[in-house]
1. Select from segment 20-65 the residues that are in contact with a Gly (Cβ under 7 Å, 6 or more places away or on another chain) and β-branched (Val, Ile, Thr) and write down the one among them that is most open to solvent (accessible area, probe 1.4 Å).
2. Could you pull out the residue among Ile123, Ile79, Ile91 that is open to solvent by less than 70 Å² (accessible area, probe 1.4 Å) and either more than 20 Å from Tyr225 (Cα to Cα) or part of a helix (DSSP H, G or I) (or both)?
3. Here are Leu198, Leu184, Leu211: which of them is in contact with a Phe, Trp or Tyr (Cβ under 8 Å, 6 or more places away or on another chain) and open to solvent by 40 Å² or more (accessible area, probe 1.4 Å)?
4. For residues in segment 94-119 being of a type in the set (Phe, Trp, Tyr) and open to solvent by 20 Å² or more (accessible area, probe 1.4 Å), which is modelled with the highest pLDDT?
5. For the subset of segment 1-46 comprising residues that are in a loop (DSSP other than H, G, I, E, B) and among the aliphatic types (A, V, I, L, M), which member is nearest to Ala188 (Cα to Cα)?
6. Restricting the search to segment 144-169, which residues are touching a helix residue (DSSP H, G or I) at 6+ places or on another chain (Cβ under 8 Å) and open to solvent by 80 Å² or more (accessible area, probe 1.4 Å)?
7. What pairs come out if I take residues in segment 46-59 that are touching a residue at least 12 places away in the same chain (Cβ under 8 Å) and pair them with residues that are of a type in the set (Gly, Ala, Ser) and open to solvent by less than 70 Å² (accessible area, probe 1.4 Å) whose C-beta lies under 9 Å away, six or more apart or interchain?
8. Among the residues of segment 63-88, which ones are closer than 29 Å to Thr22 by Cβ, free of Cβ contacts under 8 Å to residues at least 60 places away in the same chain and of a type outside the set (Ser, Thr, Tyr)?
Amino acid sequence: MNVIPSTKHIKVVSNFTDLINTLFKGDNNALCWQRTLGGDFKEIVQKLTLKENITEVTIDDLLALDLSESGEEARSIIIEDLTLLTDAGAIPSLNLLKEYERDDEYSFISTDVYSFHVDRAPICSDTFLCTYYGAASDIVANDEVEQKILIPEIREQLLCVFDGPEDQFEDFLKDNFFDLHYQLKDNAYPVNLGNGHLWRLAVDAPQQTVLPCVHRAPKENKGEYRLMLIC
């Protein structure tokens, strides 16, 4: 098990109640329910069917699998997580993932999930995330990144792409999600979210009292699918 460090922006908790009830304060914008999970999640991945690059897996899909005792243990953990989050008012989704769509429209800036970015929501909410199997995401402290649209050479190229009045340029950046993406500074030290831990990340939303958590999807391991919960 990888041990998650408690830092200025990460707080580690020991149960689900603390995960959902602890308030973000100051620099803290990531909460981790650190866990060592039993069960064979690889078996579940191998017996699920990938229908698209991202395939949503239902509880019925899980229950239909013929699993070993270890696989059944893993299935019970996933179903319990889905139930806990649903009962807490979230709408969790379990995904079998081959890869996300890449953004290659512009060579000088990327807006796909492999780029460090923050999530934005129209209502006050958080992102919950757990990778049961496969490569896991990274997060990084806000003072270790720079917003890409503020980097002079990138901003200059975005101005060249923009075709409209100067007073609408900021709206253009927001409408195309350019403002959500960040570049690592030289002193940056990303933290990997690991397997099995259930995370709660702050998002850019109304009434949010802290900066949103900067994160990115990982490069997938060759020939390996990811199994992850997200909401």
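The values are calculated or read from the model by the stated rules, or taken from the named source; none is laboratory data. These numbers were taken from a predicted model, which means no experiment stands behind them. Here Cβ is always computed from backbone atoms with ideal geometry, including for glycine, and neighbour counts include all displayed protein chains. All accessible areas refer to the heavy atoms of the entire protein, side chains included, with ligands and DNA or RNA removed. Shrake-Rupley method; radii C 1.70, N 1.55, O 1.52, S 1.80 Å.
1. By that ranking, first place goes to Thr36.
2. Exactly one of Ile123, Ile79, Ile91 is open to solvent by less than 70 Å² (accessible area, probe 1.4 Å) and either more than 20 Å from Tyr225 (Cα to Cα) or part of a helix (DSSP H, G or I) (or both), namely Ile79.
3. Details: Leu198 fails: open to solvent by 40 Å² or more (accessible area, probe 1.4 Å); Leu211 fails: in contact with a Phe, Trp or Tyr (Cβ under 8 Å, 6 or more places away or on another chain).
One residue alone meets the criteria, Leu184.
4. Restricting to residues being of a type in the set (Phe, Trp, Tyr) and open to solvent by 20 Å² or more (accessible area, probe 1.4 Å), the top hit is Tyr114.
5. Within segment 1-46, the match that is nearest to Ala188 (Cα to Cα) is Ile4.
6. Passing the criteria: only Leu159.
7. Lys47/Gly71; Glu56/Ser93; Val57/Ser93
8. Of segment 63-88, the ones closer than 29 Å to Thr22 by Cβ are 73-88.
Right, trim to free of Cβ contacts under 8 Å to residues at least 60 places away in the same chain and you get 73-77, 79-80, 83, 86-87.
Correct list: Glu73, Ala74, Arg75, Ile77, Ile79, Glu80, Asp87.
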